[in-house]
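What follows is one structure encoded as structure tokens, with my remarks underneath.
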Protein chains: 2
Amino acid sequence: MPDEKKNVKEITAMDKDFARWYTDIVKKAGLMEYSSVRGCMIIEPYGYAIWENIQKILDKKFKETGHVNVMMPMFIPESLLQKEKNHIEGFAPEVAWVTHGGEEELQERLCVRPTSETLFCDYYSKVIHSWRDLPKLYNQWCSVVRWEKTTRPFLRSCEFLWQEGHTVHENKVEAEQETQKMLDVYANFFKEHLSIPTLRGRKTEKEKFAGAEYTLTIEAMMHDGRALQSGTSHFFGDKFAKAFDIKYQNRENKSAYPFQTSWGMTTRVIGAIIMVHGDDNGLVLPPDIAPLQIVIIPINSKNVAVQNTVNTVYEKLRKNYRVKVDNSEQSPGWKFAEYEMKGVPLRIEIGPRDVENRKCVVVRRDTGEKITNELDNIDSNISVHIDKIKKDMYNKALMRMETMTYEAKNFDDLKETSKKPGFIKTMWCGSTKCEEKVKEETGLTSRCIPLDIYKNIDEHCAICGKKAQAIVYWGKSY
Amino acid sequence: MPDEKKNVKEITAMDKDFARWYTDIVKKAGLMEYSSVRGCMIIEPYGYAIWENIQKILDKKFKETGHVNVMMPMFIPESLLQKEKNHIEGFAPEVAWVTHGGEEELQERLCVRPTSETLFCDYYSKVIHSWRDLPKLYNQWCSVVRWEKTTRPFLRSCEFLWQEGHTVHENKVEAEQETQKMLDVYANFFKEHLSIPTLRGRKTEKEKFAGAEYTLTIEAMMHDGRALQSGTSHFFGDKFAKAFDIKYQNRENKSAYPFQTSWGMTTRVIGAIIMVHGDDNGLVLPPDIAPLQIVIIPINSKNVAVQNTVNTVYEKLRKNYRVKVDNSEQSPGWKFAEYEMKGVPLRIEIGPRDVENRKCVVVRRDTGEKITNELDNIDSNISVHIDKIKKDMYNKALMRMETMTYEAKNFDDLKETSKKPGFIKTMWCGSTKCEEKVKEETGLTSRCIPLDIYKNIDEHCAICGKKAQAIVYWGKSY
């Protein structure tokens, strides 16, 4: 029994130590392994297969919205990085520097890209000449490096995988629409494919991306009430265009600066999936991104009738699902635990009596519910189960987020409520000073300003009591 | 007419200056752009779409042969790189070194991976314990960096995209079978999907991969008779296992070293496609990897009947093909030239008279042949055309390779023949000395030793006259 060490009994209970529970899952479900390079992880086959499924769905959505993929270099010359003042200030402290190529010292240091705005802008300044060259709707799938001091698998690592969209538009309106559209793509992806509800909103000035005019974000609530910033979409105005001298001849034949956006989603998403849906038996994967959607486990696999039935069911299902049969010599109980750890959405058990009765047992990973199924209509029933799993997982997470979101009217109230895990909604005057005070005294950071209610409000800031400008959600973040 | 500058008239003729012809095509077909980082290219949307199609097909083949994808870090600590002596000697002169993370100097330098044997071995030494953990059949899609002194788009650049498979096996036989199997996957991919014939063989000791016991290769012949090493598969024996202390409990319960392989294919492939199939009108793309397989060009696009017919044909074809209609205001002639430059395999022209006659004209990019087609069976005919294009492109390239492959019996003969472009086949004694002499006096390098005739032969080395050990193909290489 070489795999006995993977037994679920070794997982730390979520309530006992959430951080250890998380680490146990990423290791025991085979998602990642630590590497010999500080802060850089190895994504193992099961974890990488999740990422491949995420990529496939997102890439399709990007292409449907008119985007195409490109590859930029992984290095940025120091002088290029410095062109946009706020951008360099934000990233310089956390980049890795290449100083030597082969035996020679480089004349100019190169940083390993922490993000590629500067590379895209440099390129755009060469290829954009006329309004006919616009819009540019480019995306890149790659890895980036940020020299983080403390790291955690998938949530914060020195190297991570992501996609970064970089677009250029003739005018502000179109660029702002793009910024919003891609946030919606992210939020819908989270809802439809990951069963994760999110808050959609705008980051405060303090929390926005280095160099952006503003940043839109989706924020998800983890099982422990903490927030995970899960995807961001930035509106740059024409700031980068001016810094990089990207100019084009507009429709009136005048020279003009175009407007830009960027937007990104990373392997962090895998952390969100774990911490929103996981439980004390391991991962619980949303069916759309599960590397394995169904596992069929024969009860008494030596029985010929059982094997025949298992094969028939497998052949029926494999046309539409990622499915496997586990015929290994482990006990059924061991197998149940193993695939629960791995978060496989559905388990089908088929034993001798099931064969006689033309039935089988279908077990849902998310609820543990056991459903007796006619063998003959198994394929059509599976799609019903999967739809239901997706909805139920979403509703459970939504219910949690709603239940754990509080309101605070004044600062005492905010301080008191901050002791509970979850989000807190308050009125806010808009000043960074109040934001810093909240951080200092409660450890909370602003998560976002909901988009639809960013307007004048006849109420008062919960921190300073001055006239409120907006509603803000606060939370403790990963 | 914003795109007038792209007009094909600007391409240098192949016969006049092959190197410039190549550069003209990569630029004018929109495959790549130079970046501000020396030797690193930007792969533009059209070029990247070719790579995505290559990836999709190859990745499927890897998965069908049991491989799974992972992600290793992009950095290798210097001490790790040094563990296998020959490997570090081969790569040290051409790696980029990271010396600083953020503001701090690193205690140990990190190189940006030029290839990932050392990272995979380090990982395998941690996770392989028993024969039950074997085989490991892992692959990674990523970019790697080699600090090349002279660079050319796709053919040799400081950063390039590739896949690298790294496998571990219980015994030598299985590992050698894997080495051979993956070479066959590459060769078949080249033949079936790129219509490129290749020589399959073994590299000489001098030309093998740094650290390998032996290297298998596929070598393709370019239009100018030069060789392009297009994919390699390495057998490592247990050398890396010993260097990295990868040990496992074998089936006899004894501690043993496993056997390893690695194999890779890169964005060079795009260079091969250009230089095997391209002509003086631009790219000629094999249909399987062409981002656009068919372009429909209305002749007189204002004509309603033409537009209706164009739309009907488009709707029919788009189910099975990557197809687009070009309704832009450019002249038909301009469009013909543009899509020829981009290598689109088929062009469909539909004008008012065609509509009346229920016909259209289909033009093959590879031959220029114009075929009159009934409109009603256009969809079934297209698949016939595409199959024929693939076969004809392959046969044309094969004919060229065969015609331009010569034999030389002695050294004078070899020197004389080396003045002609192409491959030269000779007997060889197996000594590096003879190989170096050939390089020095003719500029030829050994391309490979054909696999099926690597055995004792009753003939004499064309260089030194001693007893021959093998047949070798020589060529000038990219």
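Would you be able to say whether some residue in the range A:418-425 is of a type in the set (S, T, N, Q), in a loop (DSSP other than H, G, I, E, B) and touching a Leu at 6+ places or on another chain (Cβ under 6 Å)?
Yes, the range A:418-425 has at least one match.
Out of all the residues in the range A:101-121, which are at pLDDT 95 or above, at the interface with chain B (Cβ under 7 Å from one of its Cβ atoms) and open to solvent by 20 Å² or more (accessible area, probe 1.4 Å)?
Listed by number, the list is empty, since nothing qualifies.
Hand me the list of strands (runs of 3 or more DSSP E) wholly inside the range A:192-292 holding 1 or more residues that are under 26 Å from A:Thr151 (Cα atoms) and open to solvent by less than 20 Å² (accessible area, probe 1.4 Å).
A:214-221, A:227-237, A:259-266
Identify the single condition in (1) in contact with a strand residue (DSSP E or B) (Cβ under 8 Å, 6 or more places away or on another chain); (2) within 7 Å of chain A (Cβ to nearest Cβ); (3) open to solvent by 10 Å² or more (accessible area, probe 1.4 Å); (4) not charged (D, E, K, R) that B:Thr150 does not satisfy, given that it satisfies every other one.
Just one mismatch for B:Thr150, condition (2).
I need a count of the residues in the range B:309-339 that are in contact (Cβ under 8 Å) with a residue 12 or more places away in the chain and small (Gly, Ala, Ser).
Qualifying residue count for the region: 1.
Checking A:Met41 against (1) modelled with pLDDT under 95; (2) within 13 Å of another protein chain (Cβ to nearest Cβ), which test does it fail?
(1)
Take the residues of the range B:20-38 that are outside any strand (DSSP E or B) and at the interface with chain A (Cβ under 9 Å from one of its Cβ atoms): which is most open to solvent (accessible area, probe 1.4 Å)?
B:Arg38
Mind counting the residues in the range B:35-64 that are touching a residue at least 40 places away in the same chain (Cβ under 8 Å) and over 20 Å from the mean Cα position of the chain (by Cα)?
Summing the residues that are touching a residue at least 40 places away in the same chain (Cβ under 8 Å) and over 20 Å from the mean Cα position of the chain (by Cα) in the range B:35-64 gives 2.
Need the failing condition index for A:Arg132 against (1) more than 21 Å from B:Val145 (Cα to Cα); (2) more than 10 Å from chain B (Cβ to nearest Cβ), just the number.
(2)
From the residues in the range B:69-87 that are within 7 Å of another protein chain (Cβ to nearest Cβ) and under 21 Å from A:Phe75 (Cα atoms), which one is surrounded by the fewest Cβ atoms within 10 Å (Cβ to Cβ)?
B:Pro77
Which of (1) touching a helix residue (DSSP H, G or I) at 6+ places or on another chain (Cβ under 7 Å); (2) at pLDDT 95 or above; (3) closer than 26 Å to A:Asn139 by Cβ does A:Ala49 not meet, given it meets every other one?
(1)
Report yes if some residue within the range B:9-19 is open to solvent by less than 30 Å² (accessible area, probe 1.4 Å), within 11 Å of chain A (Cβ to nearest Cβ) and out of contact with any His (no Cβ under 8 Å at 6 or more places or on another chain); otherwise report no.
no
Take the residues in the range B:43-68 that are among the β-branched types (Val, Ile, Thr) and open to solvent by 10 Å² or more (accessible area, probe 1.4 Å); name whichever of them is farthest from A:Glu52 (Cα to Cα).
B:Thr65
Matching residues to (1) under 24 Å from A:Thr312 (Cα atoms); (2) open to solvent by 50 Å² or more (accessible area, probe 1.4 Å); (3) part of a helix (DSSP H, G or I):
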{"residue": "A:Arg347", "(1), (2), (3)": "yes, no, no"}
{"residue": "A:Ser380", "(1), (2), (3)": "yes, yes, yes"}
{"residue": "A:Val384", "(1), (2), (3)": "yes, yes, yes"}
{"residue": "A:Lys388", "(1), (2), (3)": "no, yes, yes"}
{"residue": "A:Asp412", "(1), (2), (3)": "no, yes, yes"}
{"residue": "A:Lys415", "(1), (2), (3)": "no, yes, yes"}
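The values are calculated or read from the model by the stated rules, or taken from the named source; none is laboratory data. Just so you know, these numbers come straight off a predicted model, no measurement behind them. As a convention, Cβ positions derive from the backbone with ideal geometry for all residues, glycine included, and neighbour counts pool all protein chains shown. Note: accessible area is taken over every heavy atom of the protein model, side chains too, but ligands, DNA and RNA are not part of it. Shrake-Rupley method; radii C 1.70, N 1.55, O 1.52, S 1.80 Å.
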